[in-house]
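Visitor: My questions all concern the structure below.
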Amino acid sequence: MSIKRPNAEEVADLAASLHMNMTVEEAAEYLALMGGMFDQYDIIDELPNPLPPVKYPRTPGAKPPAKENKYNAWAIKTEVKGAAGGKLAGRTVVLKDNVALAGVPMMNGSTTLEGFIPAADATIVSRILDAGGTIVGKAVCEHFCLSGGSHTSDPAPVHNPWKMGYSAGGSSSGSAALVAAGEVDMSIGGDQGGSIRIPASYCGIYGMKATHGLVPYTGVMPIESTIDHTGPMTANVKDNALLLEVLAGADGFDPRQYAPKVSAYTEALGKGVKGLKIGVLKEGFSAPNMEEGVVSKVKAGAERFAKMGASVSEVSIPEHMHALAAWNPITLEGFLVQMMLGNGMGFNWKGLYDVGLLDAHSGWRTRADDLSVTLKLTMLVGQWGLEHYRGRYYAKSRNIAIQAKAAYDAMFGSYDLLLMPTLPCVATPIPAKDAPLAEVVQRAFEMTATTSPFDVTGHPAMTLPCGLSDGLPVGLMLIGKDYAESTIYQAAAAFEADGDWKKF
Ligand SMILES: NC(=O)c1ccccc1
């Protein structure tokens with residue numbers, strides 16, 4: 001096989017697309033110099049694409065019938081048995097459908113990717129299987145993970161097990177619903193703006209967005225490398241710590257990982273909170289749509305920590321609002337460049353690229369009208385930023401993120417943890433099929449103000465259920481300094497052991 005060569009006219013067109021003035025004659029001169037380069041492309045084209053081997057046998061599985069899919073949370077049911085023993089022996093795990101499970105279809109919530117079958121397992125899949133876990137399938141997620149509500153997923157919205165017709169949260173919607181419904185022990189979610197913590201909060205389960213880079217993202221479909229996180233969603237704190245213990249650590253293939261510091265997270269449990277200093281973050285309560293029912297349960301949660309022996313006081317970090325603002329250019333432009341224009345992979349990083357996913361996802365261009373309205377809105381704003389400002393707001397936002405992170409880190413000099421509501425609200429109704437655009441977008445983005453700053457800074461942040469408001473779960477979020485997951489689990493386990501969260 002050899003790759004297609006341009007003719008002189010095509011080279012002139014390329015030049016024009018790159019803002020150069022070039023006649024066809026000049027283009028022909030350049031063309032004559034390209035042969036050696038294209039010959040090297042041919043060599044790459046002929047070589048096999050090196051992939052890690054698939055270790056455990058599996059079948060493609062199938063979408064369960066409607067009666068076995070009450071919440072629309074299953075994309076695929078299958079069964080991949082891992083090693084005979086290990087930390088996850090006997091435990092069932094479902095993967096968000098943006099995680100590559102070799103041989104099993106993956107569509108990341110979008111019909112534009114339907115039919116794609118990954119050729120290799122994500123690093124976290126290998127780790128779960130090596131630890132003896134059983135992967136029981138793929139959970140429906142939001143359209144390319146770009147919604148905090150559970151109504152943008154193809155093929156259908158995911159329902160909250162607490163209340164049919166209500167949002168399960170997103171974008172790891174099915175992952176949360178299946179754990180909350182007790183259909184699986186544990187799940188994997190992803191979080192770029194809150195997508196682990198939002199559905200965990202709406203569904204009353206535990207979700208950990210660990211420090212950026214602690215869990216290898218290799219083989220999970222990227223949105224934007226600087227905010228991509230994947231991690232555990234579980235029914236209790238112990239399972240969460242256990243699953244993170246299995247997932248965490250460098251894999252040598254992921255540019256998001258800067259020598260991550262791993263700990264034995266389960267050893268942090270049962271130590272109580274005496275002596276821990278917890279700062280209640282004032283700015284964390286400032287979202288305009290913050291519900292009174294949420295504030296009262298989270299404040300009561302803070303008081304419970306104080307009763308258990310932690311020292312709890314209010315703190316203020318004005319830069320919290322800067323991190324929140326910076327999330328917008330980073331996500332809007334960064335997502336457009338890496339996930340869409342960069343075909344799900346982007347460029348300029350060393351590591352393992354999913355070439356099959358790149359090929360399959362690049363086809364979105366022929367189906368752009370079928371993208372969700374959340375994708376369209378995000379792409380349009382991102383494109384405006386690129387066309388008119390050439391990415392300067394992305395660049396400036398990354399710098400502001402460094403400054404904001406330093407402000408939190410200064411606070412972590414005297415406080416072990418920060419505490420605030422995971423979300424401003426409890427689960428909201430799923431918009432009707434013909435709902436106005438404004439409502440569809442509101443339900444997708446109305447809850448990200450609280451979660452997204454910590455995607456930008458990369459700090460670990462975990463949601464714990466802390467009570468009910470109007471009969472729906474409220475989440476309390478604990479945030480720590482980089483790699484302080486053990487401190488978060490220590491506090492979370494004490495909070496959980498203090499009593500049934502539904503009764504507070
Ligand atoms: N992937 C995410 O975390 C996300 C959440 C909410 C809105 C957009 C993106």
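The values are calculated or read from the model by the stated rules, or taken from the named source; none is laboratory data. Since we're looking at a predicted model, the values are computed, not measured. With ideal geometry, Cβ positions are generated from the backbone for all residues, glycine too; neighbour counts draw on all protein chains shown. Side chains included, ligands, DNA and RNA excluded: accessible areas come from the protein's heavy atoms. Shrake-Rupley method; radii C 1.70, N 1.55, O 1.52, S 1.80 Å.
Visitor: Of all the residues that make up region 158-169, how many are within 18 Å of the chain's Cα centre (by Cα) and either more than 14 Å from the ligand (Cβ to nearest atom) or closer than 19 Å to Lys63 by Cα (or both)?
Guide: Quick first cut of region 158-169, residues within 18 Å of the chain's Cα centre (by Cα) only: 158, 167-169.
Pick out the ones that are also either more than 14 Å from the ligand (Cβ to nearest atom) or closer than 19 Å to Lys63 by Cα (or both) and you get 158.
Number satisfying all stated conditions: 1.
Visitor: Please go through region 106-116 and pick out each residue that is open to solvent by less than 30 Å² (accessible area, probe 1.4 Å) and either part of a loop (DSSP other than H, G, I, E, B) or farther than 21 Å from Arg365 by Cβ (or both).
Guide: Narrowing region 106-116 to residues open to solvent by less than 30 Å² (accessible area, probe 1.4 Å): 106, 108-110, 112-113, 116.
Across region 106-116, the qualifying residues are Met106, Asn108, Gly109, Ser110, Phe116.
Visitor: If you take just the strands (runs of 3 or more DSSP E) that sit entirely in region 397-504, which of them hold at least 3 residues that are within 16 Å of the ligand (Cβ to nearest atom) and touching a Lys or Arg at 6+ places or on another chain (Cβ under 9 Å)?
Guide: 461-469
Visitor: I would also like to ask the following. Collect the residues in region 117-144 that are open to solvent by 10 Å² or more (accessible area, probe 1.4 Å) and either under 18 Å from His361 (Cα atoms) or of a type in the set (Gly, Ala, Ser) (or both), keeping them in residue-number order.
Guide: Residues satisfying the conditions are Ile117, Ala119, Ala120, Asp121, Ser126, Ala131.
Visitor: Would you confirm whether any residue within region 155-176 is surrounded by fewer than 24 Cβ atoms within 10 Å (Cβ to Cβ), assigned to a loop (DSSP other than H, G, I, E, B) and at pLDDT below 95?
Guide: Yes, region 155-176 contains a residue that is surrounded by fewer than 24 Cβ atoms within 10 Å (Cβ to Cβ), assigned to a loop (DSSP other than H, G, I, E, B) and at pLDDT below 95.
Visitor: Can you confirm whether Ile188 is under 23 Å from Asp251 (Cβ atoms), crowded, with 24+ Cβ neighbours inside 10 Å, within 10 Å of the ligand (Cβ to nearest atom) and of a type in the set (Val, Ile, Thr)?
Guide: For Ile188, the condition - under 23 Å from Asp251 (Cβ atoms), crowded, with 24+ Cβ neighbours inside 10 Å, within 10 Å of the ligand (Cβ to nearest atom) and of a type in the set (Val, Ile, Thr) - is not met.
Visitor: Do you know which residues across region 92-105 are open to solvent by 10 Å² or more (accessible area, probe 1.4 Å) and either under 12 Å from the mean Cα position of the chain (by Cα) or farther than 19 Å from Thr234 by Cβ (or both)?
Guide: Of all residues in region 92-105, those open to solvent by 10 Å² or more (accessible area, probe 1.4 Å) come to 92, 103, 105.
Gly103, Pro105, listed by residue number.
Visitor: Here's another thing I want to ask about it. Could you check region 469-489 and list, in sequence order, the residues that are open to solvent by 10 Å² or more (accessible area, probe 1.4 Å), in contact with a Gly (Cβ under 8 Å, 6 or more places away or on another chain) and not acidic (Asp, Glu)?
Guide: Correct list: Ser469, Thr487.
Visitor: Here is a check on your reading of the model: is Thr230 open to solvent by 10 Å² or more (accessible area, probe 1.4 Å), within 11 Å of the ligand (Cβ to nearest atom) and in contact (Cβ under 8 Å) with a residue 24 or more places away in the chain?
Guide: no
Visitor: Continuing with the same structure: Suppose we keep only residues that are of a type in the set (S, T, N, Q) and closer than 24 Å to Phe144 by Cβ within region 377-424. Which one would you say is surrounded by the most Cβ atoms within 10 Å (Cβ to Cβ)?
Guide: Thr422
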